[in-house]
1. So, in the range 265-282, of the ones that are in contact with a helix residue (DSSP H, G or I) (Cβ under 6 Å, 6 or more places away or on another chain) and assigned to a strand (DSSP E or B), which residue ends up farthest from Gly232 (Cα to Cα)?
2. Return only the number of the condition from (1) within 21 Å of Lys125 (Cα to Cα); (2) over 17 Å from the mean Cα position of the chain (by Cα) that Asp35 does not satisfy.
3. Assess whether Ile198 counts as being touching a Pro at 6+ places or on another chain (Cβ under 7 Å) and under 27 Å from Asn420 (Cβ atoms).
4. Only one of (1) in a helix (DSSP H, G or I); (2) more than 29 Å from the chain's Cα centre (by Cα) fails for Asp502. Which number is that?
5. Listed residues Ser143, Ser107; which is more than 22 Å from Ala194 (Cβ to Cβ), at pLDDT 95 or above and hydroxyl-bearing (Ser, Thr, Tyr)?
6. For the condition in the same structural domain as Gly232 (by TED's automatic domain parsing), charged (D, E, K, R), more than 20 Å from Asp240 (Cα to Cα) and at pLDDT 95 or above, what is the one hit in Asp287, Asp309, Asp259?
7. Quick check on this structure: which one of Asp522, Asp474 is without any contact (Cβ under 8 Å) to a residue 12 or more places away in the chain, among the acidic types (Asp, Glu) and either surrounded by fewer than 20 Cβ atoms within 10 Å (Cβ to Cβ) or more than 16 Å from Val432 (Cβ to Cβ) (or both)?
8. Check off (1) more than 22 Å from Leu201 (Cβ to Cβ); (2) in contact with a helix residue (DSSP H, G or I) (Cβ under 8 Å, 6 or more places away or on another chain) for Asp77 and give me the number that stays unchecked.
Amino acid sequence: MKSFLRPLALAALLAGCATQRPDSQVELTLVGLNDLHGHLEASRFEDGKAGGIDALAATLQAWRKDDPELVVVGAGDMIGASPAMSAMFADEPTIQALNMLGMRATSVGNHEFDAGRVELLRQAKGGCANSPRPDKACKFNPSWDGAKFSYLAANVIDTRTNQTLLPAYRIDEVKGVKVAFIGTVLKDTPELVAASGISGLQFIDEAQAVNRLLPELRAQGATVFVVLIHQGGYSKARYDQQYCSDLDGDIADVVKRLDPAVRLVVSGHSHTGYLCRVDGKLVTQADKFGHMLSRISLVVDRQTGAVVDASARNVVVEQGKYAGMPEVDALLATVRARSSEELNKPVAKIAVTSISKTLMSNADESPLGQVVADAILASARKWGAQIAFTNTGGIRTALDAGAGNVVNAGQTQAVLPFGNEIVVMNLTGAQVLALLEGQWSGSEADKRGLLQVSEGFSYSWDSRKPKGQRIMRDSVKLNGALLEEGTSYRVAVYNFLAEGNDGFVTFRQGSNQAPTGVRDVDSLRSYLQRLEQDNKPAGTYGAVPRIIRIK
């Protein structure tokens, strides 16, 4: 694999190592990781591969030779929406790997709540008995001791106790300096996870949650304040450019409202890499899936405890660059061996090497989005379903095939890793129209994309019209017939949408809701098998848009 370390970055690294600090100052080394999402193996990055817990461990082991007191911290989504080899074991192998990496603390991310608060607490604290996923929990090992690092959630309040669900912060003494790590997750988490799993939780403003803690932290002797936040933004600068001034997105507003005493913000969620400065604060993010690490330096005045300088580099995690850690290499080998038999089981043959989740040209659908929606409809027809919808965020990756275009269990699991259940309900034609119009409302509307729709359902929309008037009423058809506002239709969706998540609140109005017991990935597998049996394997015919955008 090619080296990602540029000559200038290498020169800066060597120069940094040679810097002599005055006795009145001390340098603290932090390493930031975000959005690992259970990626235990290296994955595609630029024109090669990067990451993998083996390479992460080897890199950190090498860096600890430079600074044995190096502190590893995270910005959420360490687990959830994970590849099958981690997801099938309730992400316990990933948490075990993070324990081995010496992670000190991480904020929760929205995906830590994918299986609900009860499961998150079990994963964090240990135990087997109370898992809502008994088919996955404690199947990798017969017992589970939990995370050795701290999950932090300063802005997640249990309304029954008025206390945070998890610790809001932890204070560590590093080289004689008391450092407070404060963790938060984006306040819009309820729009991104199933409502049933976070019942009784309140997600408050991120900056307010941090700022109100500072007097308490100072009283305990903390002088350095580091925010670990699962919220992100974007910059036009490359991931390794020092330092951008154009950070945009939700994170920018949060950072601007943080107390000036906060000098470092380690961020996540937006799956990009940046090193930026906002109102005197250093803001970092290290891409996703363990592709890179943010190596951060905080120079602290020994007398005052104040940060006098904050700098960082984003370093791509290269396979084979450093000597490995035998215990981590052994863990990865064990996970591969334990998962391979199940995940390599063939499911069905498809007509192409891959079915893409990328939107078609001049359309608001992907070929895979159509396949997944059709699979939901096919599985729900016995409950009378006529229309099926799915959200784009629930489809995590393309459906890739192996030799002979055969898709295996692991490849389908990678597409739909959440374990959602299909729910069928009644919606009137008027409610369906309201649902379609509502696709452009809500705080996440521009990011979430349009609902993917099943075969036989189609409509046109005019992007020039104002919100609430974009759907062309005479174009909304089911099997060629105009949708009637007063007629009731049987609609199938995943339980995530049935609960009104992702901002699609109209689904909550559905009457006669019936859980089917059919899981997302099982419906996809059954559908692919049926298509193969009918000699029309998925991908035989090119995807034709069902949603027509008029500009």
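1. Lys281
2. (2)
3. Details: touching a Pro at 6+ places or on another chain (Cβ under 7 Å): yes; under 27 Å from Asn420 (Cβ atoms): yes.
Here the answer is yes, as Ile198 does meet what is asked.
4. Going through the list (1) in a helix (DSSP H, G or I); (2) more than 29 Å from the chain's Cα centre (by Cα), Asp502 breaks only (2).
5. Working: Ser107 fails: more than 22 Å from Ala194 (Cβ to Cβ).
Residue meeting the stated conditions: Ser143.
6. Numbers: Asp287 fails: more than 20 Å from Asp240 (Cα to Cα); Asp309 fails: more than 20 Å from Asp240 (Cα to Cα).
The conditions single out Asp259.
7. On the way: Asp522 fails: without any contact (Cβ under 8 Å) to a residue 12 or more places away in the chain.
The unique qualifying residue is Asp474.
8. (1)
The values are calculated or read from the model by the stated rules, or taken from the named source; none is laboratory data. This structure is a prediction, so every number in the text was calculated from the model and none was measured. With ideal geometry, Cβ positions are generated from the backbone for all residues, glycine too; neighbour counts draw on all protein chains shown.
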